[in-house]
1. Go through the range 416-453 residue by residue and tally those that are buried (at least 19 other Cβ atoms within 10 Å of the Cβ) and of a type in the set (S, T, N, Q).
2. In the range 347-361, which residues are among the hydroxyl-bearing types (Ser, Thr, Tyr) and either more than 30 Å from the chain's Cα centre (by Cα) or not assigned by TED's automatic domain parsing to the domain that holds Pro312 (or both)?
3. Would you mind stating whether Leu207 is more than 17 Å from Tyr313 (Cα to Cα) and either in contact with a helix residue (DSSP H, G or I) (Cβ under 9 Å, 6 or more places away or on another chain) or crowded, with 19+ Cβ neighbours inside 10 Å (or both)?
4. If you go through the range 454-465 one residue at a time, do you hit one that is buried (at least 20 other Cβ atoms within 10 Å of the Cβ), touching a residue at least 24 places away in the same chain (Cβ under 8 Å), more than 19 Å from Lys124 (Cα to Cα) and in contact with a Lys or Arg (Cβ under 6 Å, 6 or more places away or on another chain)?
5. For the list (1) farther than 14 Å from Gly197 by Cα; (2) in a loop (DSSP other than H, G, I, E, B), I need the number of the one condition that Gly238 fails.
6. Within the range 115-156, restricting attention to residues that are among the aromatic types (Phe, Trp, Tyr) and within 22 Å of the chain's Cα centre (by Cα), which residue is nearest to Gly413 (Cα to Cα)?
7. Any residue at all in the range 136-156 that is crowded, with 17+ Cβ neighbours inside 10 Å, of a type in the set (Phe, Trp, Tyr), touching a Pro at 6+ places or on another chain (Cβ under 7 Å) and in the same structural domain as Ile315 (by TED's automatic domain parsing)?
8. Suppose we keep only residues that are more than 17 Å from Glu303 (Cβ to Cβ) and modelled with pLDDT of 95 or more within the range 230-244. Which one would you say is surrounded by the most Cβ atoms within 10 Å (Cβ to Cβ)?
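The values are calculated or read from the model by the stated rules, or taken from the named source; none is laboratory data. Predicted, not measured: the structure shown is a model, and the values here were computed from it. Methodologically, a virtual Cβ is constructed for each residue, glycine included, from the backbone with ideal geometry; neighbour enumeration extends over all protein chains shown.
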Amino acid sequence: MVQREIYDVLAQLLWKKLIMRSGKYFIYLCLMALFFASCSSDPLTQEEPKTASVQAITDKTAEPVVATSEPKVASKPPTPTQLPTVAVQPTATDIPVSPTATAMPALHFDVDQLPYKASDCSDKYPCNDDADGWENRLQVPPGFEASYFARVDDFPTSITFGPDGLLYVAGWSGTVYTVDDRAKVKEYATGLLVPTGIAFNPINNKLYASSRVTDTNVGGEGQVSVFEEGEFRTIIDGLPCCYIGMHGPNGIAFDVEGFGFVGVGGRADHGEILVEPNQGEQDFLQSNEAAILRFSPDGQIVEVYARGFRNPYDIAWDSQGNLYATDNGRDPDPLTGESPPDEVHLVIPGGEHGYPYYECSTCFGIPEDVDVIPPILELVPHGAVTGITAYQNERWPEYHDDLFIVLWSAFEGAQKVIRMSPDSGESSDFATGFAQPIDVTEGPDGSLYVADYATGIIFKITFPE
């Protein structure tokens, strides 16, 4: 410090001598200033190093994060890495990164399903009111959390969020419920026969529902209704229904202009006549069966948008204007036992997507003049693919426009939510451990909500920040 003070004094004298333009003193003071500057052990430009607020890293390789049922997550996720199971290395900065922080896993990898475990209520599952038991059973990727959000005393078939921020749940009993952010359940509307699809029109903010009029295997009838002035009013009727109890008008989705789209199943397994005297022969194809129909908000316009869907249980738009549909594969071949996969389709307007043009020992083949559009994803046979949503919230930017797809069947290999990236074609098991998941939707908070048909439970999947 003494040397620094001498340096400062000489600098001031140098300045004065410069003003006086004295050559002799000028040279002398310059030499003295250079001497003290070169001898100084306390350079002006050097600062003492700051002490890191985290422990030093002794291994150059990051420790892998072990996926558990309740992974720890930092308050703010770091930048995603290419290895979803590797923790981000902490660095010595003014704001240290927690060594337990986990990046949102953008890559695809399968989440395992835990073995079944008996409880007082079941030989496989926790009791319906055992929130801890279900949360321990559900498996999601590292960093995500699955929680028991709410439960309705019914068999959920379809869920959606309304413009009021409430979750709307259609039940097999014919009741539509609301669930608020505190998980409080209320009855909203009644009077429907087996509603299997509900959605809000973004233009008029009204709730629309698909349901049955007559619930019979042969000759049944379905409809689409709108909720107005405290009750559902039919706007489309005469829709084919209800082969094996599930085929009929199901999932509903609206485009940005307020036009509705509804998936309607086929009247049989592969286009055959179901009753004598011509049972097993090829049946005619009704114009409004096995199709995605487009309709105006008042139901006055109804037209075929695309054909060839055996049972499109749900449909969903992404942010780019692409419409996707789930579809259940046909029954096993009675001679060979071959079982085709369930499918996910990118819906092509005016296209033929399969039904009833199948190849099997009892099928009727594919006509030469028909070009069948293949699915974008094939799933486990008889997994009973049902709900689908395209993720569009900004909370999970790595998953923007990825599809989340539900497999409803209650056997190992189904009972899960699958994530698919349409751009790459990759898919993976995203959430497992359910009993009979049937629908999935995106909440205004960016979380995914999954309805379980068998238990009535609504699960919530989040990525905490």
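1. Matching residues across the range 416-453 total 5.
2. Once the filter is applied, which keeps residues that are among the hydroxyl-bearing types (Ser, Thr, Tyr) and either more than 30 Å from the chain's Cα centre (by Cα) or not assigned by TED's automatic domain parsing to the domain that holds Pro312 (or both), the range 347-361 yields Tyr357, Tyr358, Ser361.
3. yes
4. No, there is no match, as no residue in the range 454-465 is buried (at least 20 other Cβ atoms within 10 Å of the Cβ), touching a residue at least 24 places away in the same chain (Cβ under 8 Å), more than 19 Å from Lys124 (Cα to Cα) and in contact with a Lys or Arg (Cβ under 6 Å, 6 or more places away or on another chain).
5. Gly238 satisfies every listed condition except (2).
6. Among residues in the range 115-156 that are among the aromatic types (Phe, Trp, Tyr) and within 22 Å of the chain's Cα centre (by Cα), the one nearest to Gly413 (Cα to Cα) is Trp134.
7. no
8. Applying the filter and picking the extreme gives Cys241.
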